[in-house]
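Only the coordinates and a few stated rules stand behind these numbers; no lab work does. None of these values were measured; they are calculated from a predicted model. Virtual Cβ from ideal backbone geometry, glycine too; neighbours counted across all protein chains shown.
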Amino acid sequence: WRRTHYSKRISPELSGEKVTVMGWIHEIRDLGGIIFVLLRDRDGLIQITAPSKKITKELLEEIRKLRRESVIAVKGTVQDSSKAPGGFEIIPAEVKLLNESKLPLPLDTTEKVHAEIDTRLDSRYVDLRRASVSAIFKIKSRMLHSVRSFFEEGEFIEINTPKLGASATEGGTELFPITYFEREAFLSQSPQLYKQMMMASGLDKVYEIAQIFRAEEHDTLRHLNEAISIDAEASFCNHEDMMNVLEGLVRTAIKNVREQCEDELKILGVDLEVPEAPFERVDYDDVVDIVNSKGVNMKYGEDLSRAAEKAIGEKMDDYYFITGWPTDIKPFYVMPDSENPGKSCAFDLMYKDLEISSGAQRLHIHDILVERIKKQGLNPASFERYLAAFEYGMPPHAGWGLGAERFTMCITGAKNVRETVLFPRDRRRLTP
Ligand code: ATP
Ligand code: AMO
């Protein structure tokens, strides 16, 4: 037995042809003289129609015994049929039960019965049999593929940096400590310091798509404890150049998903539009004014609260940059504005009220960097190896990090970031 077709590859034009299909029993309807089996594979549903007039009694009895979500293989003939989904059905000649499913199921795969997110995540493999769930991961895969191609075409070099390390990358908080032989170590919260060190290596333009780990204590719809960060860093350029790269990447990925994931977007009911370039920009100072004018209290020098994010999101296009951040609320590696050092060359990319990326031109002058580290209450000694890279010819550089799951939320319309991860890690969940 060899599978000849996915459901998507069969059409009424194949009428009369012999095919072998494999998958799960989505539904089975026994009307006595005729049995309908809806077989589901990765791409969709196929109706297997078993009329007693056309098939042997033995086969009919065999089909009658089948149960939902069991795995079967069917050899049969395609027949066009206006009543069947996709305009065709398969008249079976042979059916093989490959593996039986236990009943009752942990959740309904036909999506007729609502299931709570925790029930769904506990049996994620069954949850993924639902078209609206697998659609998100097909789109995420296409997005990541498109991001990789975009980098490759832009002559970025893919790097892989360690996820185990001796110290923090972004400041002391939000780290997961682990035991590393007889020492304490931490899971990486960002490839930040490594991608910057690569600028001193001459690789010039690098990217990494990899896990980040953050001990975020808050339980929100947009924070994960393990996420995928799409990181980029490039030399001999500034934050404006890298904002353009980010804008191009976002638009290209959306365009590709729009063109190549039509079925999935339809299943999700998403009418995806490619955002126009250039993305709208708003200075942090104006954000403070706008937020306050909407009755939400925000002082200069504060990060955006949830209410502030909502207030500014209402005022702007879907995708927009916030620029001109106060230096003090951005990490030490951010370049202060040369004309006005209180402000920095850092930006955030927002989608409505959701921050999806942060980036900046970086400080590339060793002594100023040391000053900034001290000013942020950190110890330069714990950054010794990183700082050394700035003493032997570090070019000016800039970069950003884009959260793959948050970006997937923007594209798929998912309201909970957990929907965009196969096996999410949050405060309460460490299995499966
Ligand atoms: P970053 O990736 O830079 O951390 P972020 O969007 O995750 O960006 P955080 O600084 O981690 O930002 O969190 C800031 C946002 O999370 C703020 O808007 C803050 O109001 C919100 N936040 C923090 N704790 C909670 C909570 N317990 N419930 C709801 N929102 C929270
Ligand atoms: P930042 O901390 O803003 O910047 O992270 C960049 C992006 O990563 C995503 N992200 C998360 N997504 C889900 N759950 C989380 N807990 C989480 N934390 C972060 C967000 C966020 O915008 N080193 C800098 C980047 C740089 O300057 O190059 C950094 O890590 O989408």
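For the range 79-213, calculate the relative contact order in percent as a whole number, restricting contacts to Cα pairs under 8 Å that are 6 or more residues apart.
Relative contact order here is 16 percent.
Express in % the proportion of alpha carbon pairs of the chain at distances exceeding 38 Å.
Numbers: 33738 of 93096 pairs.
Distances greater than 38 Å cover 36 percent of the Cα pairs.
In whole Å and largest first, what semi-axes does the C-alpha gyration tensor of the range 205-356 yield when each eigenvalue is scaled by 5 and square-rooted? Could you put the intermediate results ahead of the total?
On the way: eigenvalues 139, 86, 61 Å².
They are 26, 21, 17 Å, listed from largest to smallest.
Any idea what % of Cα-Cα pairs in the range 102-167 are farther than 15 Å?
Working: 1435 of 2145 pairs.
Of the Cα pairs, 67 percent sit more than 15 Å apart.
In 10 Å bins starting at 0, how do the alpha-carbon pair distances of the range 1-106 split up by percent?
16, 53, 28, 2
Starting from the coordinates of the alpha-carbon atoms of the range 340-432, obtain the Kirkwood hydrodynamic radius over all distinct pairs and give the value in Å to one decimal.
About 16.4 Å for the range 340-432.
Can you list residues from other chains, or at least 5 along the same chain, whose modelled amide H is less than 5 Å from the amide H of Ile157?
Those lying under 5 Å, H to H, from Ile157 are Lys205, Val206, Tyr207.
Can you find, among Ala185, Ile312, Met243, the residue farthest towards the positive end of the dipole of the chain? Put +1 on the C-beta of Lys and Arg, -1 on that of Asp and Glu.
Ala185
How much net charge surrounds Phe347 when only the other residues with a Cβ under 13 Å from the Cβ of Phe347 are counted, with Lys and Arg +1 and Asp and Glu -1?
Result for the neighbourhood of Phe347: -4.
List the residues, sorted by chain then number, that are 5 or more residues from Glu94 or on another chain and whose placed amide H is less than 5 Å from its amide H.
Lys75
Cross-link partners among aspartates and glutamates for Lys53, C-alpha distance below 17 Å, same-chain residues fewer than 8 apart left out?
Answer for Lys53, where 17 Å is the Cα cut-off: Asp30, Glu61, Glu62, Glu89, Glu94, listed by chain and number.
Please give the Cα centre distance for the range 344-419 versus the range 113-160, rounded to the nearest Å.
One Cα centre to the other: 24 Å.
Within the P(r) computed for the range 58-211, what percentage of the Cα pairs occupies the region above 24 Å?
In whole percent, the share of Cα-Cα pairs in the range 58-211 beyond 24 Å is 65.
Compute a Gaussian network model of the chain, connecting alpha carbons closer than 10 Å, and tell me which residue from Ala381, Ala200, Ala346 fluctuates the most.
Ala381
Where nothing but the Cβ of Lys and Arg (+1) and of Asp and Glu (-1) is charged, how large is the charge dipole of the chain around its Cα centre, in debye to the nearest 20?
Using Cβ point charges on Lys, Arg, Asp and Glu, the chain gives about 2320 debye.
So for the pair Arg429, Asp219, with labels modelled 7 Å out along Cα→Cβ, what separation do we get in nm?
1.2
Over all directions, average the projected area of the Cα convex hull of the range 127-212 and note it in nm².
Over all viewing directions, the range 127-212 projects a mean Cα-hull area of 8.2 nm².
Full extension from Asp283 to Asp317: what is 0.36 nm times the residue separation minus their Cα-Cα distance, to one decimal in nm?
10.8 nm
In percent, what relative contact order does the chain have, based on Cα pairs under 8 Å that are 6 or more apart in sequence? Write out the running numbers ahead of the final one.
Values: 810 pairs, mean separation 56.0, N = 432.
Over the chain, the number comes to 13 percent.
Rank Ile267, Asn340, Ile228 by how far each Cα sits towards the positive end of the charge dipole of the chain (+1 on Lys, Arg Cβ; -1 on Asp, Glu Cβ) and give me just the farthest.
The one lying farthest along the dipole's positive direction is Ile267.
Once you have the Cα-Cα distance between Ser101 and Asp80, take 0.36 nm times their residue separation minus that, and quote the gain in nm to one decimal.
Gain on stretching Ser101 to Asp80: 4.5 nm.
Test of understanding: what is the full-extension gain from Arg2 to Arg148, defined as 0.36 nm times their sequence separation minus their Cα-Cα distance?
Extending this stretch completely gives an extra 49.2 nm.
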